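Laboratory data are not the source of any read-out in this text; all were calculated from the coordinates shown. Please read all numbers here as calculations on a predicted model, not as lab measurements. Neighbour counts are summed over all protein chains in view; Cβ atoms, including those assigned to glycine, are modelled from backbone coordinates with ideal geometry.
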Amino acid sequence: MSERDKDTAMPDWSAYRGVLIFVEQRGGRAKSVSWQLLGEGKKLADKLEVPLKAVVIGHDVERLAQEAVCYGADTVYLCDAPELKEYRTRPYSRVMLRLIEDAKPEIVLFGATATGRDLAGAIATHLPTGLTADTTELDVEPHPSRLLLASRPAFSEKMMATILCKQYRPQMATARAGVFQALPRDASRQGEIVRIECPLKEEDIATQVLDFLEEAGGVNLEEAEIIVAGGRGLGGPEAFRMLEALADALGGVVGASRAAVDAGWIKHEHQVGQTGQTVRPKLYFAIGISGAVQHTVGMSNAETIVAINRDENAPIFRIAHYGIVGDLFKIVPAITEQVKARRGVGGIARAKASETA
């Protein structure tokens, strides 16, 4: 073998097999992105003809291990200890590093959340291996390469970049919530739950979580089933009150385009798109939003998209299931009144909105 062939030859990674999904939870409740990744992980595992595995870390979270089986996992590694009740980088990463060393998965996937990004980065640094962030497409090459094809928008979302990790294992990536589809929950599925030990005691951990303060009145676009989003066409921040009225009537939450956020009309936590959040609601209103790729990449997987815009040639109409051309300041209040008339004006819709937030 020539020196050049030695440099380009693939290492022998035959000991690494399987797809592993990190099931993120807080307070015993799993993030929806975890089940979505199990759905996508199942496709990858089937192509590679390997088992789909999951790992659940926390305290009093055995129920989530069984839930992971219901959502497609063949084997679930459960690390349940008081030291793991709240997320901290060091103990969680040590559990994952030991598991990866023992189980040797060829692919490990995390949600692109604050926790997922932090944990994946720490693990990749220690192994070391490559890590592709914020992927929107995942695929694998067949034997012999078995490479993970992790793709994400690049160059201001004008093209897709597919990133490979040829020289290291496992191959790792984070993926945004709302990009992939979870499998239907199947309570009849059977799987193996393997308990693993936490390698650290409380006295070995330098940091402590004293309290967790959740911001009041926040918006949770990731979990919302109905989103009423506004863009530059609203003309100013006052118009978002009109969108809030429609969202309240529908039991949804308010979203926004980057243009509206950059203009200071609404907080960044409402932003949908490549630099905001990727969502997969049942119903998405795009009001005064032109439909730039930066925005549509974050909401195109909605089950039903309703676009309202005065410009009949706006790109948003190309992906909308229903389109209304006209003055949004007349159309939106009219829709709101019809929704209230049909559903009744009361606290039900608002209660649902606050539960989602």
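General observations
- Order of 159, 242, 96, 172 under a 10 Å beta carbon neighbour criterion, fewest first: 159, 242, 96, 172
- Electrostatic dipole magnitude of the chain [Cβ: Lys, Arg +1; Asp, Glu -1; Cα centre; debye, to 20]: 680 debye
- Helix 328-343 vs. the chain, principal-axis angle (Cα, 0 to 90°, nearest 10): 80 degrees
- Listed candidates [x] 40, 25, 18; [y] 50, 22, 15; [z] 36, 22, 17 - label of the one calculated as semi-axes √(5λ) of the Cα gyration tensor in Å: [x]
- Computed over the range 14-204: relative contact order in percent, which uses C-alpha pairs under 8 Å that are six or more apart: 29 percent
- In the chain, excluding the sites themselves, the longest stretch lacking any of the GluC sites (Glu not before Pro) that are in a DSSP loop with at most 10 other Cβ atoms within 10 Å is 50-196.
- Among 135, 125, 304, residue whose mean-square fluctuation peaks in a GNM of the chain (springs only between Cα atoms under 10 Å): 125
- Residue (of 257, 99, 39) at the positive-pole extreme of the chain, dipole from beta-carbon charges: 257
- Separation of the alpha carbons by more than 23 angstrom is noted, of 31/201; 282/340; 31/282; 31/53; 42/104; 47/104, for 31/201.
- Taking 0.36 nm per residue of sequence separation and removing the Cα-Cα distance, the residue 209/residue 197 pair yields an extension gain of 2.2 nm.
- A simple charge model with +1 on the Cβ of Lys and Arg, -1 on the Cβ of Asp and Glu and nothing else charged puts the dipole of the range 1-140 at about 380 debye relative to its Cα centre.
- Rounded to 5, the percent of DSSP beta bridges in the chain classed as antiparallel: 20 percent
- Restriction of the trypsin sites (Lys or Arg not before Pro) in the range 238-293 to DSSP coil positions whose beta-carbon has at most 14 other beta-carbons within 10 angstrom yields 267, 282.
- Highest GNM mean-square fluctuation among 34, 188, 93, for the chain modelled with Cα contacts below 10 Å: 188.
- 0 to 90° range, to nearest 10: angle between helix 240-250 axis and the chain longest Cα axis: 70 degrees
- Residue-averaged 222 nm ellipticity for the chain, from DSSP H runs of 4+ at -39500 (n - 2.57), nearest 500: -9000 deg cm²/dmol
- Once both labels are positioned 7 Å from their Cα atoms along Cα-to-Cβ, the gap between residue 126 and residue 14 label points is 3.0 nm.
- Taking 0.36 nm per residue of sequence separation and removing the Cα-Cα distance, the residue 187/residue 268 pair yields an extension gain of 25.4 nm.
- The range 79-117-the range 119-137 distance, computed between alpha-carbon centres (Å): 12 Å
- Here the Debye sum runs over all C-alpha atoms of the range 1-117 as equal scatterers in vacuum, and log10 of I(q)/I(0) at q = 0.17, 0.19, 0.23 Å⁻¹ comes out as -0.80, -0.96, -1.34.
- What the Cβ-Cβ distance of residue 97 and residue 304 gives, at R0 = 45 Å and to the nearest 0.05, is a FRET efficiency of 0.55.
- For residue 166, a cut-off of 16 angstrom between C-alpha atoms picks up these aspartates and glutamates, skipping any fewer than 8 places away in its own chain: 5, 7, 12, 106, 139, 141.
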